Each structure stands twice: as C-alpha cells, then as structure tokens.
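Down below is the structure, laid out as structure tokens.
The values are calculated or read from the model by the stated rules, or taken from the named source; none is laboratory data. Not measured: the values here are computed from a predicted model. Positions of Cβ are generated from backbone atoms using ideal geometry, with glycine treated the same way; all protein chains shown enter the neighbour counts. Please note that ligands, DNA and RNA were not included when accessible areas were found on the heavy atoms of the full protein model with its side chains. Shrake-Rupley method; radii C 1.70, N 1.55, O 1.52, S 1.80 Å.
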Amino acid sequence: MKIKQPQPFTFEAGPRAVLLLHGFTGHSADVRMLGRYLEKRGYTSHAPIYRGHGLPPEELIQSTPDQWWEDVVEAYRHLKRLGYKEIAVSGLSLGGVLGLKLAYTEQTKAVIPMCSPMFFDNEAQLTKGFRAFAKEYKQLERKEADVIEQELNTLLTNSEPLFKQLGELINEVKNEVDTIYTPTMVVQARKDEMINTDSANYIYENVEADHKTIHWYEESGHVITMGKEKEQVFEDIYQFLETLNWEQ
C-alpha cells in the first residue's frame, strides 16, 4: 500500500508571520490546525517538514538533527523571501527546541515552545514513541506481524546514533536559553507522557525576555496541538501574538 506523503504548507493571510515547527517523528499535520486558526485571524504561517520526516522510519533515522536545523533556517528564509519582515516561531516538542535555537540565532518576533524538552532524560519514552510510530507505519504498509517485529528490532538498534545526536541538540539549546531576549510564551501539557514537564519551568525561568509567560493545560497530553484543549491553546497563542509590538 502506498502511503500518501505529507506536504509543507504556507497559509498567507497578513503581514505578520509565524513559523510553525513540528515534532520528532511528526510532520506538518502537527501544526496545521494552529496554522488555519491563525490564518482566520490575519496571521500568515509556514510549516516545513524536516528531512526524513513524513517518510518510512528507515529514512527518518538516516537524517540528522543538523539537517533538521538547516531545514528550519531555510523555512525562516523562505518567509523572508516572501517579504515577511517580522517572524514569530512556535514549535511542538522537538520543534520548540529548534524554535528556541532560532530565537537566539536569528531575529525573531517571539518564540512559543510547546511541550519542548530541555532534559534528555526521556530516551526510554522517545524510544517507545519511535517504536510506536514505526510499528504504525509498517501496519499501514500491510506488513505481516513477524516481519514488523523483526524490522522494528533492527530499526531500534540502528537509531541509537540519532538519539545520541538528539540528546546533544537538546543539551546545546538548554545551555543557550539564557541568551534569548525575544518575547517568550511557554506552553506545557500537565499530562505530558513524553517529556519531563520541569522543562517548561526551566525555559520560563531562564529566558532573559522581559515579556514572558507560561501556560499550563491541565487536561492535555504531549501532542497538545491535537489534544482536547487545542482550541484554548490556539486562542492563547493568538492573544499572546496580539500583545507584541508589530510594525504592521
């Protein structure tokens, strides 16, 4: 069975732009509803898909965090080329880590990390999440159960270098958070099953922004952009964006 590959999106609506970044093993669907919500309220958004994502798990583990970072920078430049001068960035999980890196590397209007890890103490959960993603992908390909199990074991062994690099990226960004002065909104699900929720407090306490806020969502799990409180999350993000001193 051929699986339809997801695509990046750009929803153009107004002069204020928001770069939307998906999570590890995810793709643009992670942030599509948020993009549509913002579009209706006059904000342009663009969501890339990092290399290896939206593809079979064997291809995902051939990609690297360095490549994903290059893809984020290219997405930021894409918005610049389209003529957007002021760009906020919001990312889910890994996307939030990459968004924080963008906030201390490039000029951003604001940064909104959502359920983003700052401590690489969740390798077991990440491995479990990666295994679940890979298993589901292979089931969609209509493979036999014993074949799937065999391929999953090989995948998990071969993914070890990628998880090591992922840990290094998280630690790198954690050590630079205190160089961020751009307005910051930290979004965190209370029932997050994937990351250490102390990450949210760490980001909030260590960014140097004068304009910063933290929002907890009591009934949400890790993929907060698709959870039961998503509409509230979207509205809170919109309201935060409205507090910024945009030129237009």
In 10 Å bins starting at zero, report the fraction of Cα pairs in the chain per bin as a rounded %. 7, 33, 37, 18, 4, 0
Cut-off 16 Å, label 7 Å out along Cα→Cβ of residue 150, residues of the stretch 115-131 by amide N: none
Put a dot 7 Å past each Cα toward the Cβ at residue 81 and residue 245; how far apart are the dots in nm? 3.2
Simple SL model, points at 7 angstrom along Cα→Cβ for residue 201 and residue 40; separation in nm is 3.6
How many percent of the accessible area of the stretch 86-230 is carbon or sulfur, using a 1.4 Å probe? 45
State whether the stretch 153-248 is rounded, prolate or oblate according to the following rule on the C-alpha gyration tensor (a ≥ b ≥ c being the square roots of its eigenvalues): a/c under 1.5 gives rounded; otherwise a/b larger than b/c gives prolate, and the remaining case gives oblate. oblate
Which loop-located trypsin sites (Lys or Arg not before Pro) does the stretch 206-240 contain, where loop means any DSSP state but H, G, I, E or B and the Cβ has at most 13 other Cβ atoms within 10 Å? 228
Counting only backbone N atoms under 18 Å from a point 7 Å out along Cα-to-Cβ of residue 29, the residues of the stretch 126-163 in range are 129-143
The answer for the net charge of residues other than residue 227 whose Cβ lies under 15 angstrom from its Cβ, with Lys and Arg +1 and Asp and Glu -1, is -4
With the 1.4 Å probe rolled over protein heavy atoms, the stretch 35-159 has an accessible area per residue in Å² of 43
Can you bin the stretch 132-195 into rounded, prolate or oblate? Criterion: square roots of the alpha carbon gyration tensor eigenvalues sorted a ≥ b ≥ c, rounded for a/c under 1.5, prolate for a/b above b/c, oblate for the rest. prolate
Given points 7 Å out from each Cα along the Cα-Cβ axis, report the residue 211 to residue 139 separation in nanometres with one decimal. 4.5
Are there any trypsin sites (Lys or Arg not before Pro) in the stretch 122-201 that are in a DSSP loop and have at most 11 other Cβ atoms within 10 Å? List them by number. 142
DSSP-loop trypsin sites (Lys or Arg not before Pro) across the stretch 1-72, with at most 11 other Cβ within 10 angstrom: 2, 4
Which lysines have a Cα less than 19 Å from the Cα of residue 228, not counting those fewer than 8 places away in the same chain? 191
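At 0.36 nm per residue, minus the direct Cα-Cα distance, what do residue 10 and residue 168 gain on full extension? Give it in nm, one decimal, please.
Values: separation 158, 0.36 × 158 = 56.88 nm, distance 3.03 nm.
Taking 0.36 nm per residue and subtracting the Cα distance, the gain is 53.8 nm.
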In deg cm²/dmol and to the nearest 500, what is the mean residue ellipticity at 222 nm of the chain if only DSSP H runs of at least 4 residues count, each as -39500 (n - 2.57), divided by the residue total? -14500 deg cm²/dmol
If you roll a 1.4 Å probe over the stretch 1-40 with all protein chains in place, what percent of the accessible area is carbon or sulfur? 52
